[in-house]
2 protein chains.
Amino acid sequence: MNTETSLESHSNESLQVIAFDVFGTVVDWHSGIARAVDELGLSVGGDAFAQAWRDGYQPAIQRVISGELEWTLLDELHRSILDGLLERFGITHLTDEQKSDLNSAWCDLDPWPDTLEGLTRLKEKFTICALSNGNLGLLFHMAQHAGLPWDCILSAETFTAYKPDPKTYLGVGKVLDVEPGQVLMVASHQSDLTAARACGLPTAYVERPLEWGSNRANPERPDPANTYFATSLIDLATQLGC
Amino acid sequence: MNTETSLESHSNESLQVIAFDVFGTVVDWHSGIARAVDELGLSVGGDAFAQAWRDGYQPAIQRVISGELEWTLLDELHRSILDGLLERFGITHLTDEQKSDLNSAWCDLDPWPDTLEGLTRLKEKFTICALSNGNLGLLFHMAQHAGLPWDCILSAETFTAYKPDPKTYLGVGKVLDVEPGQVLMVASHQSDLTAARACGLPTAYVERPLEWGSNRANPERPDPANTYFATSLIDLATQLGC
């Protein structure tokens with residue numbers, strides 16, 4: 001939280017790569033999913049539906065991590081959660097194509113207002129890399145849709161392991177031939193950063209008060225042990241001298 | 001070879017993704033490697049050294065494919081070939097750092113003169129994707145160095161399988177959620193295209209007469225069964241209506 005101390009203990013000179021969590025950190029999943037649901041005119045409002053869909057994410061990932069479910073890409077997990085929600089809410093009139101289109105709304109999310117400027121500035125000095133539990137196809141399509149200027153896209157699919165598995169955080173350095181301490185992990189979720197930190201990565205927490213929409217307070221709280229605390233990716237770029 | 005027939009039998013409408021071989025097809029490995037060798041002032045000329053290094057590539061890949069060698073990334077195969085060549089040529093004065101730097105010349109290759117315009121035009125209409133036996137780190141660094149505007153980078157490393165394994169060609173469609181027939185494989189090597197075609201991909205042969213430098217004729221000859229024949233990536237873009 002204390003920028004001056006952080007800059008001293010982690011000299012920018014040693015940083016080479018910035019790895020970003022994507023959903024919530026770089027793109028606004030809540031408003032994108034809520035809009036896609038509202039466009040279908042479902043009986044459940046987009047805001048509630050988006051929150052319920054995302055609420056299904058951690059338990060689904062956990063089933064893969066625990067081995068209860070075999071390795072499954074996020075696209076398929078999203079679809080399975082969606083099917084469960086439609087059943088729970090008694091929504092039976094959607095065609096298979098409409099369900100597929102709705103599921104692909106996770107590719108068509110918009111960046112936060114500061115994202116493109118922040119990434120572009122950070123890219124001038126560092127290698128910027130997606131590190132997401134989203135599958136590669138989802139992340140490639142999202143980058144095209146949102147114009148995200150990634151130097152590289154790394155995914156749980158690359159490592160056949162979901163965050164917070166150390167293989168993912170350590171995999172960034174392995175792929176890009178740098179030490180873990182030269183990779184800054186950026187996320188708006190403390191659990192992601194805590195796991196990265198345990199692997200020796202410096203960390204930056206980015207505040208995203210609207211991650212869950214304006215009707216639900218974001219429960220995330222940053223740990224003061226993070227290397228950086230930023231209110232936006234533009235703020236992070238400024239702190240890193242970009 | 002007959003463009004009109006090709007365009008009829010494979011309607012452009014169905015094409016979604018263009019997958020590119022990289023070394024030789026998109027970047028000029030020969031002159032880049034030769035220059036890096038010449039800069040070190042070795043007793044063997046850059047031209048001959050570059051050819052010998054690349055001559056070691058297929059046998060090394062083959063050792064992995066046959067299972068004689070466990071899964072090994074191209075960076076490491078390149079380094080192992082390099083060490084063998086230095087020994088063969090009696091070059092003993094290079095430091096470990098010089099050898100590492102020389103090995104990383106494979107990341108710093110320049111695009112052919114038509115590459116950037118060709119890729120940029122093709123990207124307006126199609127998803128453009130690297131599909132190379134190079135490892136991810138090598139391909140990411142090369143894209144940064146050469147300014148290659150990939151929508152996505154897929155590698156043997158993504159699939160833990162080297163071309164011509166069908167997993168690689170079929171993997172493009174699986175990752176990007178399209179059919180094999182919607183992925184055009186582009187290469188300057190017929191063996192790559194023949195293997196892609198066996199997986200149901202349409203193919204485009206690009207002529208690279210200088211792939212082996214100006215002192216060694218390129219032995220490649222295109223099969224008339226390819227869907228397209230192009231003299232450059234700009235020519236390919238024009239044939240595909242970009």
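What follows draws every value from the coordinates through simple rules; no lab data is involved. Keep in mind it's a predicted model, so treat the numbers as computed, not measured. We place every Cβ from the backbone using ideal geometry, glycine too, and count neighbours over all the protein chains shown.
Quote the Stokes-Einstein diffusion coefficient, in whole µm² s⁻¹, for segment B:29-106, based on the Kirkwood radius over alpha carbon pairs, a temperature of 25 °C and a viscosity of 0.890 mPa s.
Estimated diffusion coefficient is 192 µm²/s.
Within the set of other residues whose C-beta is less than 15 Å from the C-beta of B:R121, count the net charge using Lys and Arg as +1 and Asp and Glu as -1.
-3
Using Cα pairs under 8 angstrom and six or more residues apart, how large is the relative contact order of segment A:9-107, in percent?
26
Note down the nm distance, to one decimal, between modelled labels 7 Å out along Cα→Cβ at B:R88 and at B:K167.
Taking the two extended label points, one gets 2.9 nm.
Classify segment B:1-132 as rounded, prolate or oblate from the Cα gyration tensor: take a ≥ b ≥ c as the square roots of its eigenvalues, call it rounded if a/c is under 1.5, otherwise prolate when a/b beats b/c and oblate if not.
Since a/c reaches 1.5 and a/b is larger than b/c, the shape of segment B:1-132 is classed as prolate.
In terms of modelled amide H atoms, which long-range or inter-chain residues lie less than 5 Å from the amide H of B:T203?
Under 5 Å from the amide H of B:T203 lie the amide H atoms of B:M185, B:T227, B:Y228, each far enough along the sequence or on another chain.
For segment B:227-236, just list the computed ³J(HN,Hα) in residue order, Karplus coefficients 6.51, -1.76 and 1.60, θ = phi - 60°, integers in Hz, with x standing in for Gly and Pro.
Per-residue couplings from phi come out as 5, 10, 10, 9, 8, 6, 6, 5, 4, 4 Hz.
With charges only on Cβ, +1 for K and R and -1 for D and E, what is the dipole size of segment B:29-106 about its Cα centre, in debye, rounded to 20? Don't skip to the answer; put the middle values down first.
Details: 6 positive and 13 negative charges, 42 e Å.
Dipole magnitude for segment B:29-106 comes out near 200 debye.
For segment A:20-37, just list the computed ³J(HN,Hα) in residue order, Karplus coefficients 6.51, -1.76 and 1.60, θ = phi - 60°, integers in Hz, with x standing in for Gly and Pro.
10, 4, 10, 5, x, 7, 9, 10, 9, 5, 4, 6, x, 5, 4, 5, 4, 5
Which distances, shortest first and in nm, link B:S100 to the matching position in the other copies, using label points set 7 Å out along Cα to C-beta?
4.9
Roughly how many Å is it from the Cα centre of segment A:209-234 to that of segment B:204-242, as a whole number?
Taking the Cα centre of segment B:204-242 as reference, the centre of segment A:209-234 is 51 Å away.
Mean projection of the alpha-carbon convex hull of chain A over all orientations, in nm²?
12.4
How high is the relative contact order of chain B? Use alpha-carbon pairs under 8 Å, at least six apart in sequence, and give a whole percent. Write out the running numbers ahead of the final one.
Details: 393 pairs, mean separation 63.8, N = 242.
This gives 26 percent for chain B.
Could you list the square roots of 5 times each eigenvalue of the Cα gyration tensor of the protein assembly as shown, that is, the equivalent ellipsoid semi-axes, sorted largest first and rounded to whole Å?
40, 30, 19
Determine the shielding of peptide A:133-145 by partner chains: average, over its residues, the number of Cβ atoms on other chains within 10 angstrom of each Cβ.
3
Between copies, how far apart are the B:E124 label points? List them in nm, one decimal, shortest first, with each point 7 Å from Cα toward Cβ, please?
2.9
Which residue fluctuates most in the GNM of chain A (Cα springs below 10 Å): A:L15, A:L77, A:L40?
Of A:L15, A:L77, A:L40, the Gaussian network model singles out A:L40 as fluctuating most.
Determine the calculated [θ] at 222 nm for the protein assembly as shown from helices alone, applying -39500 (n - 2.57) to every DSSP H run no shorter than 4 residues and normalising by the residue count; nearest 500 deg cm²/dmol.
Calculated at 222 nm, the ellipticity per residue is -13500 deg cm²/dmol.
Once the label point is placed 7 Å from Cα along Cβ, list for A:G241 the distances to the corresponding points in the other copies, in nm, shortest first.
5.2
May I have the count of lysine pairs in chain A with C-alpha atoms under 30 Å apart, counting pairs 8 or more residues apart or located on different chains? Spell out each step's value before the answer.
Values: A:K99/A:K163; A:K123/A:K163; A:K123/A:K167; A:K123/A:K174; A:K125/A:K163; A:K125/A:K167; A:K125/A:K174; A:K163/A:K174.
Close lysine pairs found across chain A: 8.
Equivalent ellipsoid semi-axes for segment A:160-242, as square roots of 5 times the alpha carbon gyration tensor eigenvalues: give them largest first, rounded to whole Å. Mind showing how you got there, number by number?
Working: eigenvalues 106, 53, 22 Å².
After scaling each eigenvalue by five and taking roots: 23, 16, 11 Å.
Below 13 angstrom from the Cβ of A:L131, what's the summed charge of the other residues (Lys, Arg +1; Asp, Glu -1)?
Net of charged neighbours comes to -2.
³J(HN,Hα) across segment A:141-153 via Karplus (A = 6.51, B = -1.76, C = 1.60, θ = phi - 60°), whole Hz, x for Gly/Pro?
5, 4, 4, 5, 4, 8, x, 6, x, 4, 6, 8, 10
What distance in nm separates the simple spin-label points at A:R63 and B:R63, each placed 7 Å from Cα in the Cβ direction?
Simple spin-label model gives 4.5 nm for this pair.
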